[in-house]
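This report refers to the structure that appears directly beneath it.
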Amino acid sequence: MFIQLAGQEVELLPQKAMFLPESRSLLIADMHVGKAMHFRKSGMPLPADASERDFNLLTTIIGTHAPREVIFLGDLFHSHQNTEWSALTSFMNQHAGIRFALVPGNHDRFSQRFSADSPLELLPEHYALGPFMLSHAPSEQPVPGYYQLCGHLHPGIALHGKGRMQVTLPCFWLGAHTGVLPAFGNLTGLALIAPRQEDQVVIIVDGSCIKLKA
């Protein structure tokens, strides 16, 4: 789905990512590499192939959109180093023609050590890209002169049907000054948002992006 943001055409992807055609930048929020392994070590039976599925999905997006760069909007990692970090390094090495960069988030406290031995480039906590200011978490106040793009919130919205039927779906939450991307990682969960009437909310369902009516 193509929409206009800050005077640019951007593409919202049903794979829970955003593509900026003008700069050929692919934006990914909250991938949380290593989360499955972290919890499995604690005895929680999370699927062992969770990160592999995320890497496969990212490979598909790269093949379709041929980005010049992939910028992670924070929480690329989840916790301490584990074998999934090595898989991430291998993934980036397999796509050596693409710049991989990270705007650090609250879970990325080990990212500096990781980036020293990988192709990952560390960016400032606020990184300007054309008319956009990229960050991990939304700012309390608008960023002067920029439209902010971020993650952190894992936005989801509840849709209600007949009776007590309810389903919660991931979504893009696009306000007047800030756009929040859905969490890319498949084990990240959702947090319900409370959009204002003027906000745009685009849900992801059945492999499609659908804009909700105001």
Extension length gain for Leu122 and Gln8 (0.36 nm per residue less Cα distance), in nm, is 38.5 nm
Modelling each spin label as a point 7 Å along the Cα-to-Cβ direction, I'd like the His177/Ala96 distance in nm, to one decimal.
4.5
Net length gained if the chain between Glu22 and Arg196 were fully extended (0.36 nm per residue, minus Cα distance):
59.8 nm
What's the extension gain from Lys213 to Ala66 if we count 0.36 nm per residue and subtract their Cα-Cα distance?
49.8 nm
Debye sum, Cα scatterers, the stretch 134-212, no solvent: what log₁₀ I/I(0) at q = 0.17, 0.22, 0.27, 0.28 1/Å?
-0.67, -1.05, -1.39, -1.45
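Read the figures in this text as sums done on the coordinates, not as results from a lab. Since we're looking at a predicted model, the values are computed, not measured. Don't worry about glycine lacking a Cβ; one is built from the backbone with ideal geometry, like all the others, and counts go over all protein chains shown.
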